[in-house]
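Trainee: Dumping the structure here so I can ask a few things about it.
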Amino acid sequence: MEFDVVFLSRLQFAFTIMFHYIFPPLSIGLGAIMVIMEGLFLKTKNPVYEHMTRFWTKIFAVNFAMGVASGIVMEFEFGTNWATYSRFVGDVFGSALAAEGIFAFFLESGFLAILVFGWDRVSPKMHFFSTLMVSMGSIFSSVWIVVANSWMQTPSGYHIVGEGLAARAEIVDFWAMVFNPSSVDRLTHTLIGAFILGAFFVMSINAYYILKGRHLEISKKGFKIALAFGTVFSLLALVSGHSNANMIAKHQPAKLAAFEGHFYTGTQGADLYIFGWPNELEKRVDFGVKIPGMLSFLVHNNFNTPVTGLDQIPAENHPPIKIPFLTYHVMISLGMAFIGLTLLSCFYWWKGTLFSKKWLMRTYIFAVIGPYIANQAGWIAAEVGRQPWIVYNLLRTSDAHSKAVSANMVLTSIILFGLIYALLFFVWVYVLNEKIQHGPDDGTHPHEKQTEGLLQAAVDSTSDYITGK
């Protein structure tokens, strides 16, 4: 059986980055919520917030370690599978990734030791500062990664040196590269998605404890913090998503047409599909439910203004339709579900019946799966919708791979990495489960009280033996 090396290289990179992307959004979202929790401890001196933050610090450390381990592979893949691409974008990516390492990763990893091990070794204010720096480091890391990726979507601040496959992009305006036309919109939407994931992750575990009747004071306070946080950013996702779509309409009209299954420009307003199944052969959306003129209104603030369709794009530059359309609509549908669920929960909170709704707590235990899917779906839509370009309008994906790498080499590495990543995922789930089953060290769980009593008895017995009592 013959395999296409470009397809396999794309498949491998998609697999590795999708696996890696399980972890950074949680680090970003959870880190921000930990800042709020520890800030409340500093303000109120309530030990409940300290126990809460200590517990989530353990979860954060496990997730951070897995993010580092799974992310290293991608840098090697740039050189092994995508040599032409690496040569073309080396000057741009070199500066962005260097900034990420210097200003973000070192900041995050440097203060992580104080965050994890410094609770009883540094002052509360210094520890809070380390928590803040770790959170800022995770956010700064995403800034430079998104800047580099956004440059591939909407290149700016560069000129081309050389010709043919030896051509490469060189930066002529660093800040134009950083603030390229899509970077702010894409960064905002990415961070909001991470914050939503962090909120739902915290609510999921706290809902589990509430249903089990464990750590109730910590769990209820933690749930409310995450609910307020998640509600705000679920609503902001709607705003940032609209701004992002307007940016795409202006700079990547083919991608927006793929997102919306918009095959023909027409002379009237464009419809917005709620859902459907794109039929690329017949150039229509089957089983579609649509709002007439709504796409035109969202893009142009007018129900009757035409929106550029795929008929205005050269056929050789058409992206795939089905995958971007479906993943884009999955992301939007989940985003609307987050808004509905959090607002309903806030209503029950206001009524004082939030934690008496057992069905709602059960829903939240599994609802954390939604933000994971939404983050992955958004990434897939953005990247597949950019095709056939790896650097938009500058370098095609089919021209960017390494000419010395064979399909069998890539296939073998996919299998090996699949086995390694499966093992890493198992370790991550196992360790997280151990931490969650143990829970916060608040002394409220019967097993913890029993263990504490046994330890105290052992200490007393040893002391009596030494002193001769």
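Trainee: Residue by residue through segment 82-129, note down the ones that are surrounded by fewer than 17 Cβ atoms within 10 Å (Cβ to Cβ), within 16 Å of Ile145 (Cβ to Cβ) and either modelled with pLDDT of 85 or more or of a type in the set (Phe, Trp, Tyr) (or both).
Mentor: Of everything in segment 82-129, those that are surrounded by fewer than 17 Cβ atoms within 10 Å (Cβ to Cβ), within 16 Å of Ile145 (Cβ to Cβ) and either modelled with pLDDT of 85 or more or of a type in the set (Phe, Trp, Tyr) (or both) turn out to be Phe103, Phe106.
Trainee: Next up: Of the conditions (1) at pLDDT 90 or above; (2) crowded, with 24+ Cβ neighbours inside 10 Å, Trp151 satisfies every one except a single condition; which number is it?
Mentor: It is condition (1) that Trp151 fails.
Trainee: Ok, one more. Collect the residues in segment 209-226 that are surrounded by fewer than 24 Cβ atoms within 10 Å (Cβ to Cβ) and not hydrophobic (A, V, I, L, M, F, W, C), keeping them in residue-number order.
Mentor: Tyr209, Lys212, Gly213, Arg214, Glu217, Lys220, Lys221, Lys224
Trainee: Same structure, new question: Enumerate the pairs (first residue in segment 402-428 and surrounded by 11 or more Cβ atoms within 10 Å (Cβ to Cβ); second residue anywhere and of a type in the set (Asp, Glu)) with beta-carbon separation below 9 Å, excluding pairs fewer than 6 apart on the same chain, so at least 6 apart or on different chains.
Mentor: Ala407/Glu2; Ala407/Asp4; Ser413/Glu77
Trainee: Still on this structure, I have one more. Scan segment 331-354 for residues that are in a helix (DSSP H, G or I), out of contact with any strand residue (DSSP E or B) (no Cβ under 9 Å at 6 or more places or on another chain) and surrounded by fewer than 19 Cβ atoms within 10 Å (Cβ to Cβ) and jot them down.
Mentor: Met336, Ala337, Ile339, Gly340, Leu343, Leu344, Cys346, Phe347, Tyr348, Trp349, Trp350, Lys351
Trainee: Still on this model: Give just the number: which of (1) part of a helix (DSSP H, G or I); (2) under 16 Å from Val147 (Cβ atoms); (3) in contact (Cβ under 8 Å) with a residue 24 or more places away in the chain does Ala207 not satisfy?
Mentor: The one condition Ala207 does not meet is (2).
Trainee: Mind telling me which of the residues Phe259, Phe233, Phe229, Phe287 ends up being among the aromatic types (Phe, Trp, Tyr) and without any contact (Cβ under 8 Å) to a residue 40 or more places away in the chain?
Mentor: Of the residues listed, the single one that is among the aromatic types (Phe, Trp, Tyr) and without any contact (Cβ under 8 Å) to a residue 40 or more places away in the chain is Phe287.
Trainee: Counting only residues that are touching a Gly at 6+ places or on another chain (Cβ under 8 Å) and part of a helix (DSSP H, G or I), which one in segment 257-287 is surrounded by the fewest Cβ atoms within 10 Å (Cβ to Cβ)?
Mentor: Phe259
Trainee: Being of a type in the set (D, E, K, R) and either over 30 Å from the mean Cα position of the chain (by Cα) or surrounded by 13 or more Cβ atoms within 10 Å (Cβ to Cβ) (or both) is the filter here; which residues of segment 171-188 pass it?
Mentor: Asp185, Arg186
Trainee: Looking at Ala226, is it assigned to a helix (DSSP H, G or I), under 20 Å from Lys357 (Cβ atoms) and of a type in the set (Gly, Ala, Ser)?
Mentor: When the stated conditions are applied, Ala226 passes them.
Trainee: Here is a check on your reading of the model: is Lys358 under 30 Å from Met203 (Cβ atoms) and basic (Lys, Arg)?
Mentor: yes
Trainee: Would it be correct to say that Ser70 is hydroxyl-bearing (Ser, Thr, Tyr), under 22 Å from Leu191 (Cα atoms) and surrounded by 20 or more Cβ atoms within 10 Å (Cβ to Cβ)?
Mentor: Yes, satisfied.
Trainee: Okay, next question. Among the candidates Phe23, Phe41, Phe60, Phe19, which residue alone is surrounded by 17 or more Cβ atoms within 10 Å (Cβ to Cβ), out of contact with any Phe, Trp or Tyr (no Cβ under 9 Å at 6 or more places or on another chain) and not aliphatic (A, V, I, L, M)?
Mentor: Testing whether each residue is surrounded by 17 or more Cβ atoms within 10 Å (Cβ to Cβ), out of contact with any Phe, Trp or Tyr (no Cβ under 9 Å at 6 or more places or on another chain) and not aliphatic (A, V, I, L, M) leaves just Phe60.
Trainee: Then there is this: When you scan segment 130-171, how many residues do you find that are touching a Phe, Trp or Tyr at 6+ places or on another chain (Cβ under 6 Å), over 30 Å from Met52 (Cα atoms), not in a strand (DSSP E or B) and not small (Gly, Ala, Ser)?
Mentor: The qualifying residues number 1.
Trainee: Would you mind stating whether Ile102 is of a type in the set (Val, Ile, Thr) and within 20 Å of the chain's Cα centre (by Cα)?
Mentor: So Ile102 fails the test.
Trainee: Same structure, new question: Among the residues of segment 355-370, write down those that are under 27 Å from Ser240 (Cα atoms) and either free of Cβ contacts under 8 Å to residues at least 12 places away in the same chain or in contact with a strand residue (DSSP E or B) (Cβ under 9 Å, 6 or more places away or on another chain) (or both).
Mentor: The one that is under 27 Å from Ser240 (Cα atoms) and either free of Cβ contacts under 8 Å to residues at least 12 places away in the same chain or in contact with a strand residue (DSSP E or B) (Cβ under 9 Å, 6 or more places away or on another chain) (or both): Ile369.
Trainee: Scan segment 346-391 for residues that are small (Gly, Ala, Ser) and under 23 Å from the mean Cα position of the chain (by Cα) and jot them down.
Mentor: Result: Ala367, Gly370, Ala374, Ala377, Gly378, Ala381, Ala382, Gly385.
Trainee: Of all residues in segment 294-325, which are part of a helix (DSSP H, G or I), out of contact with any strand residue (DSSP E or B) (no Cβ under 8 Å at 6 or more places or on another chain) and buried (at least 19 other Cβ atoms within 10 Å of the Cβ)?
Mentor: Passing the criteria: Ser296, Val299, Leu310, Pro324.
Trainee: Does Ala382 satisfy being among the small types (Gly, Ala, Ser) and at pLDDT 85 or above?
Mentor: yes
The values are calculated or read from the model by the stated rules, or taken from the named source; none is laboratory data. Remember, predicted model here, so these are calculated numbers, not experimental data. Neighbour counts run over all protein chains shown; Cβ positions are idealised from the backbone, glycine included.
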